[in-house]
Structures are given as structure tokens and as C-alpha cells.
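Data first, discussion second: the structure below is written as C-alpha cells.
The values are calculated or read from the model by the stated rules, or taken from the named source; none is laboratory data. What you see is a predicted model; the values in this text were computed from it and never measured. Please note: Cβ atoms are built from the backbone with ideal geometry, for glycine as well, and neighbour counts cover all protein chains shown.
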Ligand code: GDP
């Protein structure tokens with residue numbers, strides 16, 4: 001029989017769910033010799049499939065006395081034998097560190113998992129259940145084991161998730177291609193491994209550990225596993241971040257003054273290391289310290305190109321720019337202010353946006369600008385029209401050669417880095433969301449109104465939000481922009497890209 005294991009921290013309602021699924025069959029099973037009598041195990045008939053169901057709650061009591069120990073000990077062997085795991089959380093309690101810890105362990109077990117948000121009675125329960133999406137185990141299925149709500153859906157999902165009855169044959173079977181010539185052509189492309197054109201990529205979801213930690217209660221903090229979890233969370237939180245070091249890059253067209261600027265910054269701040277080879281062949285990295293801590297500056301072309309005679313003829317190297325962007329948290333886009341903001345500068349800005357970095361616009365050669373007021377206005381106007389994706393970007397003007405104003409640069413970079421790292425709590429977000437929806441209702445799409453239900457921040461660096469709702473993935477671009485602008489204004493997310501992911505729910 002296929003084995004389905006119910007797992008989760010104590011008190012989320014595993015036994016109630018077990019009883020609900022096993023129903024009347026349990027009595028029958030318990031009477032048979034050789035079957036455990038404490039009802040850890042039973043059989044259930046789900047949509048015509050007979051399955052073996054294991055309730056890990058029955059195993060908890062015997063295990064070591066920390067919460068963590070109990071969860072692990074009870075589940076480890078059960079999960080090893082599972083064809084499918086029903087991972088339960090308590091929607092009313094929200095996601096606790098124990099849930100998150102357990103979920104991250106479970107994700108590494110490579111088992112099929114259905115995420116069950118139990119105790120989700122009523123509409124508020126369903127909204128709370130959505131928070132469980134942050135666990136990275138797929139869409140939560142909201143239900144109430146006690147009241148029986150959502151049990152039929154769960155049974156259906158279980159039946160669908162189990163390996164098909166005749167496994168070997170099914171593995172070989174190829175779906176017959178039906179439909180139009182276009183559909184057939186697409187299927188043929190996909191079979192060849194070419195990218196699908198019409199299918200949106202799965203949103204990349206990371207576990208929002210910071211939010212979870214923030215939302216934890218004193219009881220959680222008293223739990224012996226909490227410290228361990230917090231440690232792990234800090235690690236998972238950002239593997240790329242070097243503790244305390246802010247990574248930035250200077251990019252811009254040739255002759256904008258990047259290397260002059262670098263030398264100036266090196267002259268003003270205390271240099272710790274460098275210039276030394278950066279992460280790629282074409283980059284160098286320098287470490288300086290300002291009053292707030294260490295800053296690593298990555299420079300792609302600047303110093304290296306100094307030696308070349310054909311310097312002025314060199315075209316902007318896009319790949320070098322992208323390399324620098326990938327290494328930085330905040331990117332300083334250096335422009336020659338005497339030339340104004342050019343299309344090429346905007347192209348670089350869009351690359352920065354695409355890579356999800358924070359951006360500071362540096363107007364260099366300010367000493368040589370004749371009409372400063374008009375220049376500044378022209379640049380702001382251009383930004384307003386052509387760079388709406390990063391509205392509110394910090395603009396700093398200075399002269400790298402004289403040094404005037406260069407001291408404004410790093411503080412602006414640090415402010416942007418802080419915004420890039422912003423975390424907004426789920427509660428705050430949804431209060432904003434409700435009023436945003438009220439002010440301006442989601443539009444009709446093919447005659448039907450989209451129902452948006454819930455928003456949560458799934459990631460920072462850059463701030464990334466996930467919205468759930470019925471057919472949410474069909475949200476038109478202008479409404480998407482309305483929400484992004486609202487998020488930017490309400491939570492002060494100036495000068496950084498904002499990512500919005502949409503997730504349709506049933
Ligand atoms: P890069 O290609 O971006 O690294 O640009 P460079 O740093 O090599 O500078 C290009 C040219 O602009 C050089 O001739 C610099 O002397 C000049 N330059 C750089 N910064 C300034 C500045 O603030 N004011 C003025 N007037 N010239 C500058």
C-alpha cells in the first residue's frame with residue numbers, strides 16, 4: 001500500500017486529521033492482530049485508493065524531551081518510508097520557528113509533501129493559512145480537521161499525489177498530444193528541451209525566516225531548539241552576504257569618471273585591502289572603511305583600462321557591467337553630468353533593475369556643469385519618464401577630480417542598501433493591501449473580477465512580495481504597477497527594484 005505520513009509539531013491537530021481521514025475503517029484495522037493498537041497507523045480509503053496512514057503524533061510521547069527531539073525522532077523513520085507526507089501546521093497559531101525548522105528539514109528529505117494548514121475555519125483562517133506558503137513546501141491547503149472543512153479537497157490531492165497504480169507502465173507512458181497545430185508544435189519544442197514560451201516560470205520562493213523569527217512568541221524563545229533555529233535562519237537568510245561588509249560596484253559608460261571616483265574614495269576613506277583581483281578575471285575589489293563599517297568596492301574596467309591607449313575608443317562592455325552588478329548589493333551608476341542622462345545610461349539602469357540591485361545615480365563632473373539647475377531638472381525629468389521601475393532613486397552630484405560632494409556618496413549608498421534589505425511584516429502589509437484594494441478595486445478580466453486575498457513578503461534584497469488570489473496570475477500590468485507604486489510609497493522602498501509574484505488559488 002502507498003504510505004502517507006502525517007507530520008508536524010505537536011498540537012497542530014495531526015491526530016484529529018488522522019481520525020478524520022481514517023474514518024470508520026480505523027475500527028476495523030485496530031481489531032486485526034499485529035496492527036498497533038494505539039492507532040499510530042491505519043488504513044484509509046481515499047477516492048478509491050486504499051492507503052496506509054501513519055500518524056507521527058502517536059510516536060511523539062516516546063521521544064526525547066525537547067520539542068525538536070520529539071519531532072525529529074518521531075518523524076525521521078516514518079518519513080523515510082513515506083510515499084507522501086502531510087505536513088501540518090496550525091493556521092491560527094501562524095508559522096512558528098518549530099514549523100519552519102521542521103519544514104526546512106522536510107524539504108531536504110526529497111519526499112512528496114502536501115502542506116496542510118489545519119484549524120483554518122472561516123475566511124480569516126484561510127488567509128492565515130496562506131502565510132504557510134513561506135515554508136517553501138508549495139501551496140498550503142487550508143482545512144479544518146475538526147469541522148471537516150476541506151477534507152474532501154485533501155483526499156483528492158492525496159489521491160493525485162500518490163504514484164499511479166501501475167507505476168512502471170505509467171513511467172513509460174507518453175501523453176498523447178491533442179489539440180491544435182500550435183499546441184503540437186509547442187509540445188514538440190518542449191520535448192526537445194526548448195524553453196516553453198507561454199508558461200510563466202514558477203516564482204522563486206524563499207523562506208522568510210526573518211518574518212518568522214519576528215513573529216515568534218516568548219514561548220518559542222524559551223524553547224531549547226529556538227537558538228539552534230535562529231542560528232540556522234541567520235545562515236539561510238543570505239548565503240552571499242559577508243557579515244558586515246557592504247558590497248558595491250561602480251558602473252557606467254567609459255569616461256564617466258569611475259576610476260577617478262574610485263581613487264577619490266580610496267583617498268578619503270581608510271583603505272583596508274586592495275586593489276586586488278576581484279571575483280572575475282576582469283574585476284578588482286577594494287575594501288575601505290567608512291564610519292559605519294566596511295565597504296567592498298568592485299570595479300570592472302576602471303583601473304585596468306587606465307593602462308590602455310585606445311581607452312576612449314572602447315565600447316561599453318555589457319558583460320563586464322553585468323558581472324559587477326552580480327557582485328554588488330548596491331550599484332553606483334556613474335554618469336558624466338556634462339553630457340546629461342543618455343540612453344546608454346538608462347540601459348545600464350535597466351540592467352541594474354533586472355538584476356534586482358539597489359541603485360544610486362552619481363552625477364559626476366559637477367564642477368564642469370554650467371547650468372546646474374537646468375541640468376539637474378533635465379536629469380530628473382528623464383528619470384521620471386524613463387525609469388519608473390526604480391522610482392525614488394537617490395541622486396548624488398559631485399566632482400571626482402576636486403572631491404567636492406564625494407562624501408555624500410557612501411551615505412546615499414548605505415540608505416539604499418537599507419531599503420534593499422527592507423522587511424515588512426505580514427500584518428502591516430495586509431492592512432495596506434486591504435485599503436489599496438478598497439481605494440481601487442482589481443479590474444475585470446474577461447468579464448470576471450479578480451479576487452486578491454492576501455500579500456506576504458517572501459524575500460528581501462530586493463523586496464519581493466507574493467500575492468494570492470483567485471486568478472491572481474492574470475492581473476493586468478497597470479494594476480500590478482498600481483500595487484508596486486503603492487508598496488513603494490507606503491513602505492518607503494525608494495530606488496530599489498520591487499518584485500511582485502502572483503499566485504492563483506482555488
Ligand atoms: P572611467 O572610464 O569611467 O573610469 O573614467 P575616468 O575616471 O578614466 O575619467 C575619464 C575622464 O574624465 C578623465 O579625463 C578624467 O580626468 C575626467 N574626469 C573624471 N571625473 C571628473 C570630474 O569630476 N570632473 C571633471 N571635470 N573631469 C573628470
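Yes or no: the range 367-389 includes at least one residue that is under 12 Å from residue 332 (Cα atoms) and either within 37 Å of the chain's Cα centre (by Cα) or within 16 Å of the ligand (Cβ to nearest atom) (or both). Scanning the range 367-389 turns up no residue that is under 12 Å from residue 332 (Cα atoms) and either within 37 Å of the chain's Cα centre (by Cα) or within 16 Å of the ligand (Cβ to nearest atom) (or both). For the range 360-377, a residue qualifies if it is surrounded by 14 or more Cβ atoms within 10 Å (Cβ to Cβ) and without any contact (Cβ under 8 Å) to a residue 60 or more places away in the chain, and the qualifying residues are 361, 363, 366, 367, 369, 375, 376. Could you please find all residues in the range 393-413 being more than 16 Å from the ligand (Cβ to nearest atom), surrounded by 18 or more Cβ atoms within 10 Å (Cβ to Cβ) and either part of a helix (DSSP H, G or I) or outside the structural domain of residue 377 (by TED's automatic domain parsing) (or both)? Matches in the range 393-413: 410, 412, 413.
Please work out which one of (1) modelled with pLDDT under 60; (2) in a strand (DSSP E or B) is the condition residue 65 fails and give its number. Unmet condition: (2).
Assigned to a helix (DSSP H, G or I), surrounded by fewer than 20 Cβ atoms within 10 Å (Cβ to Cβ) and in contact with a helix residue (DSSP H, G or I) (Cβ under 8 Å, 6 or more places away or on another chain): does that describe residue 430? Yes: the conditions hold for residue 430. Is it fair to say residue 490 is closer than 30 Å to residue 261 by Cα, in contact (Cβ under 8 Å) with a residue 40 or more places away in the chain and either exposed (fewer than 15 other Cβ atoms within 10 Å of the Cβ) or touching a helix residue (DSSP H, G or I) at 6+ places or on another chain (Cβ under 8 Å) (or both)? No; evaluated as a whole, the condition is false for this residue. No other residue among 423, 471, 461 is touching a helix residue (DSSP H, G or I) at 6+ places or on another chain (Cβ under 6 Å) and at positive phi apart from 461. Pairs are defined by a Cβ separation below 9 Å, a sequence spacing of at least 6 or placement on different chains, a first member in the range 382-398 that is free of Cβ contacts under 8 Å to residues at least 24 places away in the same chain, and a second member that is more than 16 Å from the ligand (Cβ to nearest atom) and part of a loop (DSSP other than H, G, I, E, B); the pairs so defined are 384/391. In the set (1) at pLDDT 85 or above; (2) over 20 Å from residue 16 (Cβ atoms), the condition left unmet by residue 154 is number (2).
Of the strands (runs of 3 or more DSSP E) lying entirely inside the range 269-359, those containing at least 1 residues that are modelled with pLDDT under 65, within 14 Å of the ligand (Cβ to nearest atom) and buried (at least 18 other Cβ atoms within 10 Å of the Cβ) span 270-277.
Checked across the range 470-484, the condition of being closer than 30 Å to residue 295 by Cα and either surrounded by fewer than 17 Cβ atoms within 10 Å (Cβ to Cβ) or touching a residue at least 60 places away in the same chain (Cβ under 8 Å) (or both) holds for no residue.
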